[in-house]
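Student: I'd like to ask some things about the structure below.
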Amino acid sequence: MLALMGCSPVLNREYMETGSREFDSRHLTETPEVFKDKLFILGGVIVETKLTEQGAQIEALLVPVDRYGYLKYANRYGGRFIALYPKSRGILDPLIYKKGREISLAGEFVESRPGKIDQMEYKFPVFEIKQIYLWEELVESRWPSYPYPYFYPYAYPAWNPWCYDAWGRPYPCPPYWGPYPW
């Protein structure tokens, strides 16, 4: 059951089968009339979310996705894009869809829109969102991550019969059956 769930797409299966995942955003902005109303599957890292009269507008860094809609390379970006979510379907709250969050979406290409990134002129491909998936936010622990059990000050109970957890509380070390360091 877990193996089947691990291979399920994050977006609607019909969108995943009909949408294009392999594309170059420069082609979209150079010849927008060729790609108008075509479905694309894309991933992104949110730069900004705004609410407008027409609905929500997400500006994001383009990240390639695999055949299940999972982000392939979080450090390999293919430019930026704008995704529009119509007001008639609800709102995407900017506090939830905030800077740094990762998304996967199915969207129809609408147009190429001129804009700016800081002071530089840029042409954004614009998509109308058909379905969107917001990835879980990674939460960093305020405690340092130690291998469990945390052995301090020595790694082997032969030298010290006490182990310490991440908060420094002692407990008796379990017997060690692995190879010794010498």
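The values are calculated or read from the model by the stated rules, or taken from the named source; none is laboratory data. No experiment lies behind these values; they were computed from the predicted model shown. No Cβ is skipped: glycine too gets one built from the backbone with ideal geometry, and neighbour counts run over all protein chains shown.
Student: Go through segment 1-95 and tell me which strands (runs of 3 or more DSSP E), entirely inside it, have 2 or more residues that are among the small types (Gly, Ala, Ser) and surrounded by 17 or more Cβ atoms within 10 Å (Cβ to Cβ). Step through it out loud before you land on a result.
Tutor: Values: elements: 39-51, 55-63, 80-86.
Answer list for segment 1-95: 39-51, 55-63.
Student: Does segment 113-124 include one or more residues that are modelled with pLDDT of 70 or more and part of a loop (DSSP other than H, G, I, E, B)? Explain how you work it out, then say what you get.
Tutor: Filtering segment 113-124 down to residues modelled with pLDDT of 70 or more leaves 113-124.
Then keep just the ones that are part of a loop (DSSP other than H, G, I, E, B); that gives 118-119.
Checked against the condition, which is being modelled with pLDDT of 70 or more and part of a loop (DSSP other than H, G, I, E, B), segment 113-124 yields at least one hit.
Student: Next question. I'm told residue 58 meets every condition in (1) within 12 Å of residue 134 (Cβ to Cβ); (2) in contact with a helix residue (DSSP H, G or I) (Cβ under 8 Å, 6 or more places away or on another chain); (3) aliphatic (A, V, I, L, M) except one. Can you identify the failing condition by its number?
Tutor: In the conditions (1) within 12 Å of residue 134 (Cβ to Cβ); (2) in contact with a helix residue (DSSP H, G or I) (Cβ under 8 Å, 6 or more places away or on another chain); (3) aliphatic (A, V, I, L, M), residue 58 misses (2) alone.
Student: Can you go through 40, 35 and tell me which one is at pLDDT 90 or above and out of contact with any Leu (no Cβ under 6 Å at 6 or more places or on another chain)?
Tutor: Numbers: 35 fails: out of contact with any Leu (no Cβ under 6 Å at 6 or more places or on another chain).
Answer to the check: 40.
Student: Being among the acidic types (Asp, Glu), in contact with a helix residue (DSSP H, G or I) (Cβ under 7 Å, 6 or more places away or on another chain) and in contact (Cβ under 8 Å) with a residue 60 or more places away in the chain: is that true of residue 111 here? Step through it out loud before you land on a result.
Tutor: Numbers: among the acidic types (Asp, Glu): yes; in contact with a helix residue (DSSP H, G or I) (Cβ under 7 Å, 6 or more places away or on another chain): yes; in contact (Cβ under 8 Å) with a residue 60 or more places away in the chain: yes.
Here the answer is yes, as residue 111 does meet what is asked.
Student: State all residues of segment 47-65 that are free of Cβ contacts under 8 Å to residues at least 40 places away in the same chain and out of contact with any Gly (no Cβ under 7 Å at 6 or more places or on another chain); if no residue qualifies, say none.
Tutor: Going residue by residue through segment 47-65, those that are free of Cβ contacts under 8 Å to residues at least 40 places away in the same chain are 52-55, 57, 61-63.
Passing the criteria: 52, 53, 54, 55, 57.
Student: Quick check on segment 96-111: of everything there that is among the hydrophobic types (A, V, I, L, M, F, W, C) and not in a loop (DSSP other than H, G, I, E, B), which residue is surrounded by the most Cβ atoms within 10 Å (Cβ to Cβ)? I'd like the intermediate steps shown before the answer.
Tutor: Filtering segment 96-111 down to residues among the hydrophobic types (A, V, I, L, M, F, W, C) leaves 96, 103, 105-106, 109-110.
Then keep just the ones that are not in a loop (DSSP other than H, G, I, E, B); that gives 103, 105-106, 109-110.
Working: 103: 23, 105: 27, 106: 23, 109: 21, 110: 17.
If we take residues in segment 96-111 being among the hydrophobic types (A, V, I, L, M, F, W, C) and not in a loop (DSSP other than H, G, I, E, B), then 105 is surrounded by the most Cβ atoms within 10 Å (Cβ to Cβ).
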